[in-house]
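Remarks on the structure that follows.
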Amino acid sequence: GEQAISQTPLHPRRRSRRIMVGSVPVGGGAPISVQSMTNTVTADINATLQQIAELAAAGCDIVRVAVPSQDDADALPIIAKKSPIPVIADIHFQSKYVFQAIDAGCAAVRVNPGNIRKFDQVGPEICKAATDAGISLRIGVNAGSLDKDIYARYGGPTPEALVASALKEAHMFEDVGFHDFKISVKHHDPVTTVQTYRLLASKGDWPLHLGVTEAGPSWQGTIKSCLAFGALLAEGIGDTIRVSLSAPPVEEVKVGCKILEYLGLRQRHFDIISCPSCGRAQVDVIELAKEVTEGLKDITAPIRVAVMGCIVNGPGEAREADLGVASGNGKGQIIIKGKVVQTVPEDQIVPTLLERAKEIAAQMDAK
Ligand code: SF4
């Protein structure tokens, strides 16, 4: 559950209307949700549900599955029923899969009216089926699949072109009286992403799904997503986020959760404060920080642990943390809430910190 977030936000959130993705509200001041997408074959129900369980355990609030074939559409009822988090079906071209996904109990469908064959004929039916089932839709505009006419008119996937495409799609739903949808306008470049979402945010009150698409492998993609989402969320823009990485999807969820945590937009979990170390360090801070992070990665309590190389900043940082160590002379001073509670030899620093951290986390969880 969402616990209270105490930090003052950087900026008031943009006013967006609220839609529901199953049990998860999106927009209208709801907590910003983290999404990911499975990379299993959706028709492989066991593998897909296994991956969804891993994503949910990592903090994923909403999951999307691709539905490129009839076998995938046929798998949706079981996946939607057994998934611990709301499932969004991702559908291109085939309106019959949209109807199947709605009947299957999916929480939402990502579908662009502009790439549904004969939308003028099936559009009203799709919107009626979604309304009757109480589900929402998402329009997802991507730089890589921009409408040809718009591409030609703007000379490429510029922010104006992406927004024009999004508006065109949005009007197709709105013209048939359907309003329960969110929009994404994805580009691989963080600067274009920021410009595009800013422009779109000024045009209406749709809830916005943030994403930097095709952002690359973990390292590059994490940086691009942090920059784009950080800039937008700091302005109050964004209601749900998906980090896209060429990496296992659980990595996307971890990055997405941390972005929100560090922006004060989501309850914090375990965090480490560690110094870079310098010529004054009397212990291998890099190794120490790595071992402590690894040892505490499954802690869910919002515990903050400081690992500091010497006594210059060590005691000060450790005072602000729940638990810390400041090292010197081959020993480590273990500090809890600003008080030195124990001094241990260097080889006992990690086990002692882990043990103490788990005690403090258990007390936090008990509260
Ligand atoms: Fe250097 Fe000490 Fe600062 Fe770490 S805490 S960076 S070792 S001065």
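From most to least packed by mean Cβ count within 10 Å, the peptides 200-207, 272-279 give 200-207, 272-279. Please say if the range 268-318 is rounded, prolate or oblate, where rounded means a/c under 1.5 for a ≥ b ≥ c the square roots of the C-alpha gyration tensor eigenvalues, and otherwise the choice is prolate for a/b larger than b/c and oblate otherwise? Taking the square roots of the gyration eigenvalues as a ≥ b ≥ c, the range 268-318 is oblate.
Within the shell defined by Cβ-Cβ distances under 10 Å, the residues around A143 carry a net charge of -1, with Lys and Arg each +1 and Asp and Glu each -1.
Other residues lying with their Cβ under 14 Å from the Cβ of P68 contribute a combined charge of -2, Lys and Arg counting +1, Asp and Glu -1. Projection of the Cα convex hull of the range 155-197, averaged over all directions and equal to a quarter of that hull's surface, yields 3.2 nm². Taking every DSSP helix (H) stretch of at least 4 residues in the chain, weighting each as -39,500 (n - 2.57) and dividing the sum by the residue count yields a mean residue ellipticity at 222 nm of -13000 deg cm²/dmol. Between W219 and D44, the modelled label-to-label distance comes to 2.9 nm, taking each label 7 Å out from Cα in the direction of the beta carbon.
At a Förster distance of 41 Å, what's the computed FRET efficiency of A362 paired with K203, Cβ-Cβ distance as r, to 0.05? FRET efficiency, A362 to K203: 0.25. Across the cross-link table entries K82/K182; K297/K337; K168/K258; K118/K258; K82/K128; K254/K358, which are compared at the Cα atoms, the separations over 30 Å belong to K168/K258; K118/K258.
Extension gain, R280 to R15, is 90.4 nm, computed as 0.36 nm per intervening residue step minus the present C-alpha separation.
Kirkwood hydrodynamic radius of the chain from all distinct Cα pairs, in Å? Taking every pair of different Cα atoms in the chain, averaging 1/r and inverting gives 22.2 Å. Couplings 3J(HN,Hα) for the range 11-16, derived from phi with the Karplus relation 6.51 cos²θ - 1.76 cosθ + 1.60 (θ = phi - 60°), are 7, x, 5, 4, 6, 10 Hz, where x marks Gly and Pro.
Helix 285-295 axis versus longest C-alpha principal axis of the chain: approximately 60°, rounded to the nearest ten. In this simple spin-label model, placing a label point 7 Å from the Cα along the Cα-to-Cβ direction at both Q70 and R319 gives a separation of 7.2 nm.
A simple rule links phi to the HN-Hα coupling: the Karplus curve 6.51 cos²θ - 1.76 cosθ + 1.60 with θ = phi - 60°, which for the range 160-165 gives 5, 5, 5, 5, 4, 5 Hz, with x for Gly and Pro. The packing ranking, built from the mean of other Cβ atoms within 10 Å per residue, places the peptides 184-194, 356-366, 226-236 in the order 184-194, 226-236, 356-366, highest first. The amide H of K182, built 1.01 Å from its N in the peptide plane, has L137, R138, I139 as neighbours under 5 Å, considering only residues 5 or more places off or on other chains. Between amide H atoms placed 1.01 Å from N, distances below 5 Å from L210 occur with D239, T240, I241, R242, all of them 5 or more places distant or on a separate chain.
Residues within the reach of a label modelled at V250 (point 7 angstrom out along Cα to beta-carbon, backbone nitrogen below 18 Å), restricted to the range 272-312, are 293-301.
Quick one: grab the alpha carbon gyration tensor of the range 171-312, order the square roots of its eigenvalues as a ≥ b ≥ c, and give me rounded if a/c is under 1.5, else prolate or oblate depending on whether a/b is larger than b/c. Prolate, because a/c is 1.5 or more and a/b exceeds b/c.
No value in this document is a laboratory result; all are computed from the given coordinates. Everything quoted here is computed from the prediction, not taken from an experiment. Cβ: placed from backbone, ideal geometry, glycine included. Neighbour counts: every protein chain shown.
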